[in-house]
Amino acid sequence: MEKMARVTTALGGNTITGRTMFCHLDAPANAISVCRDAAQVVVAGRNIFKIYSIDEDQFVEKLNLRVGRKPSLNFSCADVVWHQMDENLLATAATNGVVVTWNLGKPSRNKQDQLFTEHKRTVNKVCFHPTEVYMLLSGSQDGYMKCFDLRKKDSVSTFSGQSESVRDVQFSIRDYFTFAATFENGNVQLWDIRRPDRYERMFTAHNGPVFCCDWHLEDRGWLATGGRDKMVKVWDMNTNRAKEIYCVQTIASVARVKWRPECKYHIATCSMMVDHNIYVWDVRRPFIPSAMFEEHKDVTTGIVWRHLHDPYFLLSGSKDSTLYQHIFKDASQPIDRANPEGLCYSLFGDLAFAAKESLISSDSNRKPYIGDRRHPIFFKRKLDPTEQFEYISSSSALSVFETDLESGSMDWFVRTAKQYALAGRPLAELCDHNAKVAKELDRDQVAQTWTMLRIIYSSPGTVPSANLNHSLGKGSTSLPLMNSFNLKDIPSGIGSESRLERSKGESRSENILMDSSSTLINNDENEETEGSDVPADYLLGDVEGDEDELYMMDHENPHAEEQEYILPQEAFPLRHEIVDNPSALDHLQDKADSPHVSGNEAETVSLTPVESFSLISISHSLYENRLPPDFFNPIVRDMLLFYAEQGDVQMAVSVLIVLGDRIRKEIDEQTQEHWYTSYIDLLQRFQLWNISNEVIKLSTCRAINCLNQASTTLHINCSNCKRPMSNKGWICDRLTNKYLALMEEDHCTVERRDASLTYSQFIDQYAFSRPVVIQGITDNSEFQALCTRNKLLAEFGDRLVRLSTANTYSYRKVDVPFQEYVEHLLEPQDLASLGSDTLYFFGDNNFTEWGSLFQKYLPPPFQIPGTSGAYSFGIAGSGSGVPFHWHGPGYSEVIFGRKRWFLYPPEKTPEFHPNKTTLSWLLDTYPFLPPEDRPVECTIHPGEVLYFPDRWWHATLNLDTSVFISTFLG
């Protein structure tokens, strides 16, 4: 394979020169690693273990490490690493669970140096410490990580990830004591090699196994991870919580990630299946790779940059039994194959269109569009002088076509959502109200639709006359469809063509929905009213004139003899053909003109459905063959589909809710659900939470109705057993401990008093002489409500809290985020742990940060003269506590859980070990104490306060996961 590019890089005193080249291997490779001076590469697999020198034009085999007639499984390698400080030192991870080191300086053919056989399953990864020559780390499918000192025969530390399999381990390049480990369950853990008992930090990085990780070469806190979810994520570990700062979506599971030297934002990846290519990504542009190497014909199993300071040479091994050196200049550029054209609408109707710059710039006939708010914008990437490729010549021109500010405003949507009435009134009133709202917002078509729905689905006999005609009085702002006027007064020039000609020439599809434009009509009093621009056969009103005038609509020749014609079809099918009925007309006209009928009465007569000459009234009443409302359901369904297709899901959903069962059966459940979810999403975008909730509640779709229940259910899990908790506090009722039966005392030997205890009695009988439990002395229910797990995490989760060791003298202090303490350290006491190894959150509270909580606490009202109170707040797991100690007087109150107290007077020192936990003392020492040496003891519950006098010895034991607060008097 020949390529023209040849690259030379000067690195200190060394010069690296090479080209794209490859060599065939004896077997597929599982892993590769390069030596410190970038002159040799080791290739390892199940059936290959060789070292090749990297010459200028070729790979040359230097050493075959598989020796012997029948090599053992120790030579079957899942991973290999070359020490970056000792050029003779290699380590391999064997598929049989053995970690092997190799000394290339040995004079014999067999270079095997040491075997570590402590892992029980395949070892997936080995890693040398970057600065410690003899420190080696391994991760295995048995779930353990082990740290080896190569000067010793056995591991010096074992780290348990409490997971099924460790997939990768990597020492931090810039933090001496830290290493990262990735797991099958999607978690990433950070460990301190000095603390093998517990990880320093853990977070869920991927949905599925995390196959690889890599620390950034320059930025101390950046950690890249790759997983089966086809994602590469970059985490900032400098913050209290791991923060995802970049995410790259690939097309296949990510098997390897390697940061590119000297390029802060570039990272190389390869897949473990399906995709054979190697990609180099700029994490700031995660949608398309910056470069791609396509030479391998099978899955790439290992990638490594040839030198820590050289960004141009990449080595790779594959299952196709080839070893490649890739030159970055020869990489193909996916951007050359990308389609630089796109079209997108914004939420507010703006349109953005991108196309090749060459297409737009060469189009001399391109005319400006109405609403084009700016000239095309050309996006060009500035060439990076450190990158040796000149491919970035493509660019796109972006044109943004902005809708008219007024027409593009979504204010109408918000106002409509707030003002629509969807329930709680008769159907006719709902339709009339919503039509009025739409009309006020100049949405005439929507207003007309609501009015027609009222006419179709409301019985004429139940519709008040006042609702049938909004235009009876002067100055009415009624809807166009409902206007009242005299047909004799219609100007002949209204419209540019006769309605007959228009109705004959237009197709039915153009008239399904009525035109929203309006035409002004002058009545007898020269009062301007709005007339609907719909055919006259749908107009309501009082008619004065004979029947013939109704059909004389040819304005160009009004006196021509008119032939009888059939009414054109409009938005709704005609119920019948209108035929001549002179007698009815004469009857109506005579009655209206009668001097014996008052004006109001005449007006009422004209509006009465039975006798009105409204054409719609004729079809309703004069012929008494009214069609059932469900006859129009298919047309209403088509109308809703039309609105939805136009993007007005608000109208579609509102009609669905108002009509309910009348129309629901006409529209399939899936379509309804789509409309509802779209409308609810829009409401929530505009933060119309209450209206969104009301729509969910009124929904006609079962899948939507359940959203309220689903979104307001809060599931709380126990931090210890991970199972759902059955109460609002911190205690899991199902949490069992084999020692719990021993923790409750037979009987309380501390005197108990109720709220009737007076201050003088407290001072005389207890303050300076003996402890007492006081019940009901304060009401801290409000404080208790603020101390639930969820509320404390929400308020203080990211705050640092200071933990103390649970021994008598509490020498060691550790600062951790409160959330990390609650989720990872708040566990039942381990009997094997000493007090100096048990971290306990109690005291050392930052009053400034926790002051908002402490202000809600009501302390016991009894003060000892000359003292003032200081709060100490704590949370601890079951079985934890502080061994015997003493200090000044104070109170202790339990908010959640139970706390058992053991007390001795000052003159009687208890028998205890200062570095053993209270639980150990209870199990090992307490049962063997003679009765006269037993302590004064009791268990306090929420709502109870224990007072302890000055210098009394006391030890505490939390019987449950407990929240408590003490008031020290000093």
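In summary, CYS732 fulfils each of the numbered conditions (1) surrounded by fewer than 13 Cβ atoms within 10 Å (Cβ to Cβ); (2) outside any strand (DSSP E or B); (3) at pLDDT below 85 with the single exception of condition (1). Take the conditions (1) at pLDDT 90 or above; (2) over 15 Å from THR749 (Cβ atoms); (3) in contact with a Leu (Cβ under 9 Å, 6 or more places away or on another chain); THR956 misses just one of them, which is (3). For region 278-300, name all the residues that are in contact (Cβ under 8 Å) with a residue 60 or more places away in the chain and surrounded by 14 or more Cβ atoms within 10 Å (Cβ to Cβ). Scanning region 278-300 gives ALA291, GLU295. Beta carbons closer than 6 Å, at least 6 apart along the sequence or on distinct chains, pair a first residue in region 800-825 that is under 14 Å from ASN240 (Cβ atoms) and open to solvent by 30 Å² or more (accessible area, probe 1.4 Å) with a second that is of a type in the set (Gly, Ala, Ser) and modelled with pLDDT of 80 or more for GLN819/GLY797. Any chance region 785-794 includes a residue that's touching an Asp or Glu at 6+ places or on another chain (Cβ under 6 Å) and open to solvent by 30 Å² or more (accessible area, probe 1.4 Å)? No, that holds for no residue.
So that you can scan it fast, the table gives a plain yes or no per residue for (1) touching a strand residue (DSSP E or B) at 6+ places or on another chain (Cβ under 6 Å); (2) in contact (Cβ under 8 Å) with a residue 60 or more places away in the chain:
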| position | (1), (2) |
| --- | --- |
| GLY881 | yes, yes |
| TRP886 | yes, yes |
| TYR891 | yes, yes |
| VAL894 | yes, yes |
| ARG900 | yes, yes |
| THR909 | no, no |
| ASN915 | no, yes |
| TRP921 | no, no |
| ASP924 | no, no |
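Does ARG664 count as touching a His at 6+ places or on another chain (Cβ under 9 Å), at pLDDT below 90, surrounded by fewer than 20 Cβ atoms within 10 Å (Cβ to Cβ) and of a type outside the set (S, T, N, Q)? In short, no. Going by the conditions given, is THR778 assigned to a loop (DSSP other than H, G, I, E, B), at pLDDT 85 or above and under 22 Å from PRO942 (Cα atoms)? For THR778, the condition - assigned to a loop (DSSP other than H, G, I, E, B), at pLDDT 85 or above and under 22 Å from PRO942 (Cα atoms) - is met. Taking region 680-703 as the range and being touching a residue at least 24 places away in the same chain (Cβ under 8 Å), within 17 Å of ALA644 (Cβ to Cβ) and under 20 Å from the mean Cα position of the chain (by Cα) as the test, the residues that pass are ILE680, LEU682, LEU683.
Conditions tested, residue by residue: (1) assigned to a loop (DSSP other than H, G, I, E, B); (2) more than 25 Å from VAL257 (Cβ to Cβ); (3) modelled with pLDDT under 90.
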residue	(1), (2), (3)
LYS3	yes, yes, yes
THR17	no, yes, yes
PHE22	no, no, no
PRO28	yes, no, no
SER33	no, no, no
VAL42	no, no, no
TYR52	no, no, no
ASP57	yes, yes, yes
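For region 829-848, a residue qualifies if it is modelled with pLDDT of 80 or more and under 21 Å from PHE912 (Cβ atoms), and exactly one does: PHE842. Please specify each residue of region 309-357 satisfying the condition of being out of contact with any Ser or Thr (no Cβ under 6 Å at 6 or more places or on another chain), part of a strand (DSSP E or B), surrounded by 16 or more Cβ atoms within 10 Å (Cβ to Cβ) and of a type in the set (A, V, I, L, M, F, W, C). If the condition is that a residue be out of contact with any Ser or Thr (no Cβ under 6 Å at 6 or more places or on another chain), part of a strand (DSSP E or B), surrounded by 16 or more Cβ atoms within 10 Å (Cβ to Cβ) and of a type in the set (A, V, I, L, M, F, W, C), then PHE313, LEU314, LEU315, LEU323, LEU351, ALA355 are the ones that fit.
Screening region 864-910 for residues that are modelled with pLDDT of 90 or more and hydroxyl-bearing (Ser, Thr, Tyr) and picking the one that is surrounded by the most Cβ atoms within 10 Å (Cβ to Cβ) gives SER892.
Mind checking which residues of region 146-190 are among the hydroxyl-bearing types (Ser, Thr, Tyr) and closer than 21 Å to TRP215 by Cα? Scanning region 146-190 gives SER165, SER172, TYR176, THR178, THR182. Just one of the listed residues (PHE762, PHE768) is at pLDDT 90 or above and open to solvent by 80 Å² or more (accessible area, probe 1.4 Å), namely PHE768.
Just a yes or no: is a residue in region 849-861 within 30 Å of LEU190 (Cα to Cα), modelled with pLDDT under 85 and not aliphatic (A, V, I, L, M)? Looking for residues that are within 30 Å of LEU190 (Cα to Cα), modelled with pLDDT under 85 and not aliphatic (A, V, I, L, M), one finds at least one in region 849-861, hence yes. Looking only at residues in region 76-85 that are over 14 Å from ASP37 (Cα atoms) and not acidic (Asp, Glu), the one that is surrounded by the most Cβ atoms within 10 Å (Cβ to Cβ) is CYS77.
Regarding region 22-33, can at least one residue be identified that is surrounded by fewer than 20 Cβ atoms within 10 Å (Cβ to Cβ), under 20 Å from GLN114 (Cα atoms) and of a type in the set (A, V, I, L, M)? No, there is no match, as no residue in region 22-33 is surrounded by fewer than 20 Cβ atoms within 10 Å (Cβ to Cβ), under 20 Å from GLN114 (Cα atoms) and of a type in the set (A, V, I, L, M).
Checking every residue in region 86-103 against the condition of being within 24 Å of VAL257 (Cβ to Cβ), aromatic (Phe, Trp, Tyr) and buried (at least 20 other Cβ atoms within 10 Å of the Cβ) gives zero matches.
The values are calculated or read from the model by the stated rules, or taken from the named source; none is laboratory data. The shown structure was predicted, so the numbers you read here are calculated from the model rather than taken from an experiment. Cβ coordinates were reconstructed from backbone atoms using ideal geometry, including for glycine residues, and neighbour counts include every protein chain displayed. The protein model used for the area step is the full one, side chains on, heavy atoms only, and it has no ligands, DNA or RNA in it. Shrake-Rupley method; radii C 1.70, N 1.55, O 1.52, S 1.80 Å.
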